[in-house]
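Here, each number is a calculation from the coordinates, and none is a lab measurement. From a predicted model like this one, the values you see are computed outputs, not experimental measurements. Cβ placement follows ideal geometry from the backbone for every residue including glycine, while neighbour counts extend to all protein chains displayed.
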Protein chains: 2
Amino acid sequence: MDSAIDPRLTCPRTLPRRVPEDYQPPYPSYSARAATRIDQVVMSCLGVQYATEAQPEQAFEAMQHIISMFSGPDGPRHHDLSYHRDNQDHHNLMVVAYWLDPAAYARWSSSPMVADWWESDDRLQDGLGYFRETHCPRLEQFETIYGYQNDLPGIGAVMGAVTGEINEHGYWGSMRERFPLSQTDWMWPSGGLTVASGNPADGGRVVVKGHDNIAVIRSGQDWKHAAPDQQSLYLDKIQPTLVDGMNFLRDNGQAVGCYSNRFVQSIDLDGTLLGETYNVGHWSSLAALERWAETHSTHLRIFATFVKMAATLEELRLYHEVSVSDGSNQTSEYINCHPATGMMRDVCR
Amino acid sequence: MDSAIDPRLTCPRTLPRRVPEDYQPPYPSYSARAATRIDQVVMSCLGVQYATEAQPEQAFEAMQHIISMFSGPDGPRHHDLSYHRDNQDHHNLMVVAYWLDPAAYARWSSSPMVADWWESDDRLQDGLGYFRETHCPRLEQFETIYGYQNDLPGIGAVMGAVTGEINEHGYWGSMRERFPLSQTDWMWPSGGLTVASGNPADGGRVVVKGHDNIAVIRSGQDWKHAAPDQQSLYLDKIQPTLVDGMNFLRDNGQAVGCYSNRFVQSIDLDGTLLGETYNVGHWSSLAALERWAETHSTHLRIFATFVKMAATLEELRLYHEVSVSDGSNQTSEYINCHPATGMMRDVCR
């Protein structure tokens, strides 16, 4: 049985695990593994926001322009597209892109093609909102889990390899214990969100400054290839509870330490909705994420249902990736987004 | 805010807590506190077993005789009565009795009144089964939790005092963290159950030898004084899930490390069923109990429902007490009980 922790990152523990040495998980799960030597990755959420009355055509063109900038040697290794409507009745197209090397991301984002587009006054005047939330966890600062070993989504699509069955899952606290850093570090947060420039209430350009150990979770559900009976089971019996939990975090997250929660549905380049959803949640700390997951009835119900149905829901592809990062490895930038967008809502005033 | 751990038993931690120092529980809970200096307590489960065809009158007389032996200075400080039918279709009356002092228990159980009755050949020939399972945890070896502060049941009825709101609850792992011993000790088990004398398959007298850190949980539900709407809510929406979980442990416990699980209903001296149930579960380790509670869908559903309804179920009195004990502080004795009774089922062969 494999460890979720890459052997290269195993070190003498100063913090114990919660479970006995002979712990055996109740069902199989897997983690992504780096196929080559990498030290730090990049996840960037690139968004286009438009109000109810605006033209979606223009927003889709903007999204397609963002994707067109991905070509070239420094572009991301993988990306996917999604749509969500937020609780301010704004529409959001989001491209989530991954790099295996922060230097490549830096070259890409500072290239004239990208930088001139982002910094152009046109962005302030074209009637759309834009956001760019990027964080760069080191390899010891993230974990992944999948119920399957093929065609991994998200960061798993760029890591290049996958483990065998891992030991660290199936108990509360196992998410933390899959982080290599958990061997020696509690990953406590340092402070709160602050505005580095701009003013969320005024629109225009805003930059939010993060802090050490903001936790980011991407948790996905893919029923595209499930048989009809499994699709029905998921959509009728499980998804409603998931949506309840996601809406709670979207609308009440501030009280539990969730800075932002976007529950999105995958789309193709033309905007057609696909049979796949995921959330991207930003949390004040890994501990805050743990507390919600362990205590909130919607998540407990989701977890209970999954545990009960894991064997019968083999064709439902579930996964998550969770990371923390240093404050210096985060950027959260907004252009003409409503003030409850992303990290702006919970900045300290 | 109080700690569940008595200040007298607080010591420098060598094992960390799972939650941050500023953790705040999501709803109030309380623990029993020793009002006087005590070091070790005694919980004894005294049972009378009869087969379907046998006369319940005789069993009730035996139970009443057991209770009659409680009078006197060395008798238990508190006891309660219950009934359950087990999965061998045997009926069981059980008296659970508590002492604040193992010396008093030793004097009581070795007194001629008690010892002569237990050791009499009449016990082998009166057509009833008897069991006596006793364990004596030291004060650092048990924890309690209640949703209320008055009229505590079980061990709480003899401890004499109650805390204010405690910090250590509302997260997975908090049960362990309420044990004073968890500050420095994982409470791992030592070995399995063995037969000290007799042969379960033959009936007659059997003594089972335990091992260090067998965990015993008593977890109760009291709806006697709830308003009718809360009674209905409990009996219709929550109890069926609880019964599913209890039946799973009764019938499939061996696979998950649960030696015995009795889900019982309180009765009065005449056998009238009262609006109160509890289970007494014996586990191979605290870790095994944790794993089941954290993973099994019935328990997750119970927990999720409780968390969701905690505020609206104020009149439902929920509690539990969990202990571990040294193997030398346990006795499990049986007379003419069927071989799946109590600790007999899972003895190593």
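Sparsely packed loop sites in the stretch A:1-69 (the trypsin sites (Lys or Arg not before Pro) outside DSSP H, G, I, E and B with at most 15 other Cβ atoms within 10 Å) comprise A:ARG13, A:ARG37.
Chain A comes nearest to the axis taking it onto chain B at the Cβ of one residue; that residue and its distance, in whole Å, are A:TRP172, 2. Taking GluC sites (Glu not before Pro) in DSSP loop conformation with at most 13 other Cβ atoms inside 10 Å as exposed sites, chain B has its longest uninterrupted site-free stretch at B:54-313. Panel order for A:CYS348, A:CYS136, by other beta carbons found within 10 Å of each beta carbon, from fewest to most: A:CYS348, A:CYS136.
With a 10 Å cut-off around each Cβ of A:295-301, the average count of Cβ atoms from other chains is 6. Taking other Cβ atoms within 10 Å as a rough exposure proxy, B:LYS209, A:LYS308, B:LYS237 sort from fewest to most as B:LYS237, A:LYS308, B:LYS209.
Rg and Dmax, both from the Cα atoms of the stretch B:10-70 and both in Å, are 22.1, 59. Taking the Cα centre of the stretch A:1-138 as reference, the dipole from Cβ charges on Lys and Arg (+1) and Asp and Glu (-1) amounts to some 880 debye.
Across chain B, the relative contact order, built from alpha-carbon pairs under 8 Å that are at least six residues apart, equals 25 percent.
Taking the square roots of 5 times each eigenvalue of the Cα gyration tensor of the stretch B:108-248, largest first, gives ellipsoid semi-axes of 33, 23, 18 Å. Residue-wise HN-Hα couplings along the stretch B:185-202, as the Karplus relation 6.51 cos²θ - 1.76 cosθ + 1.60 with θ = phi - 60° gives them from phi, are 9, 7, 6, 5, x, 10, x, x, 7, 9, 8, 7, 7, x, 8, x, 5, 8 Hz; Gly and Pro carry x. Pairs exceeding a 27 Å alpha-carbon distance, out of A:LYS237/B:LYS237; A:LYS308/B:LYS209; A:LYS209/B:LYS308; A:LYS224/A:LYS308; A:LYS308/B:LYS308: A:LYS308/B:LYS209; A:LYS209/B:LYS308. When the alpha carbon coordinates of the stretch A:12-140 are projected onto the principal axes, the ranges are 60, 35, 24 Å, largest first.
Label-point spacing at A:PRO56 relative to the other copies reads 6.7 nm, in ascending order, each point sitting 7 Å out from Cα along Cα→Cβ.
Listed by Cβ neighbour count within 10 Å, with the fewest neighbours leading, A:ILE335, A:ILE166 appear as A:ILE335, A:ILE166. Between helix A:297-309 and chain A there is an angle of about 50 degrees, using the helix long axis and the longest principal axis of the Cα atoms.
Across all directions, the average projected area of the convex hull around the alpha carbons of chain A is 16.9 nm². Scanning residues 5 or more positions from A:GLN40 or on other chains, those with amide H under 5 Å from its amide H are A:LEU139, with H placed 1.01 Å from N in the peptide plane. Only the Cβ atoms of Lys and Arg (+1) and of Asp and Glu (-1) were treated as charged; on that basis the dipole of the protein assembly as shown about its Cα centre amounts to roughly 940 debye. The mean number of Cβ atoms from other chains found within 10 Å of a Cβ in peptide B:23-35 is 1, as a whole number. Size of the stretch B:77-179: Rg and Dmax of its alpha carbons, in Å, are 17.6, 52. In degrees between 0 and 90, to the nearest 10, how far off the longest principal axis of chain A does helix A:286-295 point, with axes built from Cα atoms? Around 70 degrees separate the two axes.
Based on alpha carbons, the Rg and Dmax found for the stretch B:260-349 are 16.4, 49 Å. Note on B:282-289: average number of Cβ atoms from other chains within 10 Å of each residue's Cβ is 1. Scaling against 2.2 N^0.38 Å puts the C-alpha radius of gyration of the protein assembly as shown at 1.11.
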